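This report refers to the structure that appears directly beneath it.
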Amino acid sequence: MPPPKDVVKIAIQMVGAIPQLIELQQTKPLASVLKDVCDAWSLPNAERYALQYVDGRQTYITESNRREIKNGSILRLTTSPDQEAERLYSGIQSNNLDVKTDSLKKLASLSQDVTFAQEFINRNGLKQIFSIVEEGKDTGEMLAHTLKAFMELMEHDFVSWETLSATFIKKIVSYVNVNVVDASVQQLSLAMLENMVPTSRFLFELVKKEVPLDRLLIHLQVTNTQLQLKAMALLIALLLAATDAERRDMMDYLKEKNIRQFIHKNIIHSSEPLGDEMAHYLYVLQSLSLNLHERRMRTSVDPYSQEQREQLHALRQNAFELESEAAAGTCSTERRRSLCAKEFRKLGFMNNSNPAEDLRRAPPGLLALDNMLYFAKHTPSAYSRFVLENSSREDKHECPFARSSIQLTLILCEILHIGEPCSETAQAFYPMFFGQDHFFEELFCICIQLVNKTWKEMRATQEDFDKVLQVVREQITRTLSLKPTSLELFKTRVNTLNYSEILKLRQTERLHQEETLAVPVLELRERLKPELLELIRQQRLLHLCQGTLFRKISTRRRQDKLWYCRLSPNHKVLHYGDVEEGLCGLPIESLPEKIPVADMKMLLVGKECPHTKEKSSGKQNKDVLELAFSIVYDVEEYCLNFIAPTRYEFCLWTDGLNVLLGKEMSSERTQTDLDVLLSMELKLRLLDLENISIPDTPPPVPKPPSNLNFCYDFSQAEQ
C-alpha cells in the first residue's frame with residue numbers, strides 16, 4: 001500500500017553516527033521533527049540544528065521548501081543557518097589566516113542558500129566583506145573567496161547594487177585594470193561590474209568612466225577563455241545600458257581600435273571551441289552594430305537639404321562626368337536642366353525631375369542614398385560600368401540602378417533585422433561580419449552587382465523588376481544560410497548561385513511536391529506514417545536520455561547558473577541538478593534531483609509557464625516565451641521550469657516529454673522530421689518507377705474470360 005501523500009520516507013545522516021531512516025510527516029512542524037531526530041541521537045538544544053540536503057547545492061530545509069523533499073532523499077543534520085552565519089561572521093574577522101581563509105571558502109559555498117544568506121546579511125555580514133575588500137590587504141585565493149561570497153549573497157536580491165560605496169566599486173575596478181591580479185579575481189570583478197551596470201544610471205556612468213574600453217580590449221586578447229567571456233559580458237552590458245548617442249560614440253571608438261580584428265583573430269578563430277554564451281554576445285554586438293544604421297534607415301530625404309541635393313548630383317556627375325562637363329559649358333540653363341533629368345532617368349530614378357522624391361519612403365530612407373554614394377565612391381569602375389552598361393540598352397531592358405538600390409537596401413535591412421531589438425537568447429551571428437569594418441556597405445556593393453548580373457541572366461524588362469529582386473533575395477538568404485566566413489567567400493558563392501541554379505532548385509522542390517501529391521503516393525505516405533512516427537519518438541527519448549545543459553534566466557542579467565537534465569535509460573525517471581560551466585554528458589549518479597515519470601501530470605509551454613508569468617511580456621522577452629516550457633508533477637503539482645538553449649532543443653524536449661505523457665508530439669520539428677523521413681522512404685520505394693507517370697486512379701481490373709479453354713491440358717498430353 002503506497003504511503004500517504006503527506007508522508008515521505010527519507011534518510012538522515014550525521015558525522016560519527018548511524019543514519020536514521022524515518023517517515024517524515026509533512027504536516028508536522030519542522031521544529032518537532034528536528035527535536036525527534038536530535039532525541040534519537042541524544043543531542044540537546046535541537047534549535048541549534050537544521051536539516052540540509054547531502055547532494056547538489058546542499059540547501060537548508062525550511063517550512064517553505066520542505067514540500068520539495070522526495071521519497072528516498074538523503075538529508076544531513078547540521079548546524080542551523082543562524083549558528084553557522086554567526087560562526088562564519090566571526091571567522092572572517094579572525095587574525096589567523098588559515099581560519100579566515102577556511103571561513104571565507106565556506107561562506108562562498110553556503111551563500112548560495114537563501115536561508116543562510118538572509119541570516120548572514122542580517123548580521124551585517126556584507127559590511128564586513130566590504131571592509132575586507134576596501135582594506136585591500138587580502139589577495140589571491142582569499143580575495144577570490146571573498147568576491148565569490150559577495151556575488152552569491154547579492155544574487156538573492158536582499159540588497160541593491162546601488163547601495164555599494166564608491167570606494168568599494170573603485171577597488172573592484174582596480175582588480176580589472178591591473179595586470180598582476182589573479183585571473184580568478186579578475187573574472188569575478190568583471191562579473192560584479194557586469195551586474196552593476198544595468199541597475200542604475202549612476203553605476204553605469206561610474207563603471208564606464210573607471211573601466212576604459214582599451215582595458216576590455218586587452219582582456220579580449222588573452223588566452224583565458226573565461227576571462228574573455230567576462231570581459232565581453234561587461235562590454236555588452238555597457239553597450240546595452242548606454243543611450244543611442246553614447247552607444248554610437250562607444251562603437252566608433254571600438255571601430256578605431258579594430259575590435260573586429262581582435263574578435264576575428266582571438267575569439268572566432270581561437271583554438272578553443274566557441275561557447276553558447278560567447279556566441280550570444282557576438283550576436284548582440286553584431287545586432288547593436290547593424291542597428292546603428294536604423295536612424296538613417298528611418299529618416300526620409302529632406303527636399304530642402306542642400307547637402308542631400310549635392311549628394312544626388314554627385315551620383316549623377318560620377319556616372320556621367322564627361323557629358324556633364326561638356327553640357328555645363330555650352331548649354332543654356334533650360335537645356336542643362338533637361339540633360340540632368342535625362343541623366344537621373346538613366347541612373348534609374350522614377351522621378352527624374354526631382355529624384356529626391358524616390359527616397360521619401362522610410363525605410364530604407366537615407367540609408368539607400370548612403371549605400372549608393374558608398375558604391376560610387378569606393379568602387380567607381382563597377383559603378384560606372386553598371387550605369388553606362390544599362391544606359392546603352394533599350395529602355396525597357398534597363399536595370400534601374402537607383403530603384404534597385406532602394407529596394408535592395410530594404411531587403412538587406414529585413415534579412416539582417418536592422419531596427420529590431422536584440423534577442424535575449426539568440427546565438428546566430430555571421431563570422432564574416434567581424435572580418436570587415438564597413439560590413440553593411442560592402443555587402444550592398446556585392447549584392448547590387450548581383451542584381452545587375454541576375455537581371456541580365458533573366459533578360460528582364462521593367463515589368464519583371466519585382467521578380468528579379470525576389471530572386472536576388474533568395475540568392476542572398478540561401479548563401480547567408482551557409483555561414484560564409486568572409487565577404488570574398490560570400491561573393492564567390494552568391495555569384496555561383498545564378499538564376500539557372502535557382503530555377504533548378506525551385507524545379508526540384510516543385511517536382512518533389514508534385515510527386516508527393518499523387519493519390520497513390522498519398523496513400524503510401526499514410527501507411528508509412530505510423531512506423532516513421534515511432535522512429536521519431538525513439539529519437540526524442542534517446543535525446544532526453546543523452547541530456548541537455550539548460551540556463552537559468554535571472555532578472556538582472558541574461559544568463560545565470562547552469563543545470564543539467566536527462567532521462568534515465570529505462571525512461572522512468574528524470575534526473576537533474578546544478579552543474580558548473582563547460583560540463584556536459586554528466587552521469588545520472590551526479591545529478592541529485594529526480595522526478596519519476598509516473599508523477600508527471602502535464603506539460604506547459606510559453607505563456608502558460610509559471611516562470612514566464614513573472615517576467616514582462618515585452619518584445620525583448622518574446623524569444624524567451626518561445627523557448628520556455630514546464631513540467632507539472634506530483635500530487636501537489638510542483639513545476640520544473642526550463643528555458644531551452646535553442647528552438648531545436650525546445651522542440652526535441654517538448655516532443656520527448658509529450659511521448660512520456662502518452663500524448664502526440666506537437667512541435668514543428670516533428671512535422672519537418674516526418675517530411676524528411678517520408679521523402680527518403682518514398683524515394684527509395686519509388687526508385688523503380690522513375691520517369692514513369694503514376695495515374696491518379698488504379699487501372700481497371702479486366703473482366704474474367706467467358707471460358708478457360710486457353711489453359712493447357714497436361715493430362716491429355718501425357719496420353
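The values are calculated or read from the model by the stated rules, or taken from the named source; none is laboratory data. Fair warning: this is a prediction, and the values are worked out from it, not measured in the lab. For neighbour counting, all protein chains shown are included, and Cβ atoms are generated from backbone atoms with ideal geometry for every residue, glycine included. When the accessible area is computed, the model is the full protein with side chains, heavy atoms only, and any ligands, DNA or RNA have been set aside. Shrake-Rupley method; radii C 1.70, N 1.55, O 1.52, S 1.80 Å.
Details
- Any chance Arg260 is open to solvent by 20 Å² or more (accessible area, probe 1.4 Å), closer than 17 Å to Ile418 by Cβ and not assigned by the TED database to the domain that holds Thr425: no
- Selection count where residues are buried (at least 18 other Cβ atoms within 10 Å of the Cβ) and either among the aromatic types (Phe, Trp, Tyr) or closer than 30 Å to Val632 by Cβ (or both), scope region 38-58: 5
- Gly16 being of a type in the set (Gly, Ala, Ser) and touching a residue at least 40 places away in the same chain (Cβ under 8 Å): no
- Selection from region 111-141 of residues that are open to solvent by less than 20 Å² (accessible area, probe 1.4 Å) and touching a residue at least 40 places away in the same chain (Cβ under 8 Å): Ser111, Asp113, Phe116, Ala117, Gly125, Ile132
- Contact map, region 491-506: first residue among the aromatic types (Phe, Trp, Tyr), second residue part of a helix (DSSP H, G or I), Cβ cut-off under 7 Å, separation 6 or more or different chains; pairs are Tyr499/Thr454; Tyr499/Glu457; Tyr499/Met458; Tyr499/Val471.
- When region 386-407 is filtered for residues that are touching a Phe, Trp or Tyr at 6+ places or on another chain (Cβ under 9 Å), open to solvent by 30 Å² or more (accessible area, probe 1.4 Å) and under 20 Å from Leu469 (Cβ atoms), the ones remaining, listed by number, are His397, Arg403, Gln407.
- Some residue of region 655-670 being modelled with pLDDT of 90 or more, open to solvent by less than 20 Å² (accessible area, probe 1.4 Å) and charged (D, E, K, R): yes
- Looking only at residues in region 425-474 that are closer than 19 Å to His280 by Cβ and open to solvent by 40 Å² or more (accessible area, probe 1.4 Å), the one that is modelled with the highest pLDDT is Tyr430.
- In region 196-212, the residues that are closer than 20 Å to Ile263 by Cβ and either under 24 Å from the mean Cα position of the chain (by Cα) or surrounded by 15 or more Cβ atoms within 10 Å (Cβ to Cβ) (or both): Val211
- Matching residues, region 175-185, being open to solvent by less than 10 Å² (accessible area, probe 1.4 Å) and either within 12 Å of Leu143 (Cβ to Cβ) or not assigned by the TED database to the domain that holds Leu206 (or both): Val185
- Tabulated pairs, region 147-170, first within 11 Å of Met196 (Cα to Cα) and in the same structural domain as Gln187 (by the TED database), second surrounded by 11 or more Cβ atoms within 10 Å (Cβ to Cβ) and of a type in the set (Gly, Ala, Ser), C-beta under 6 angstrom, 6+ apart or interchain: Glu162/Ser200
- Residue in region 340-357 that is farthest from Cys413 (Cα to Cα), counting only those that are in contact with a helix residue (DSSP H, G or I) (Cβ under 8 Å, 6 or more places away or on another chain) and open to solvent by 30 Å² or more (accessible area, probe 1.4 Å): Ser353
- Number of residues in region 358-385 that are open to solvent by 10 Å² or more (accessible area, probe 1.4 Å), closer than 15 Å to Leu412 by Cβ and not in a loop (DSSP other than H, G, I, E, B) equals 2.
- Region 171-180: number of residues that are more than 31 Å from the chain's Cα centre (by Cα) and modelled with pLDDT of 90 or more: 2
- Summed over region 521-560, residues that are modelled with pLDDT of 85 or more and among the hydroxyl-bearing types (Ser, Thr, Tyr) total 1.
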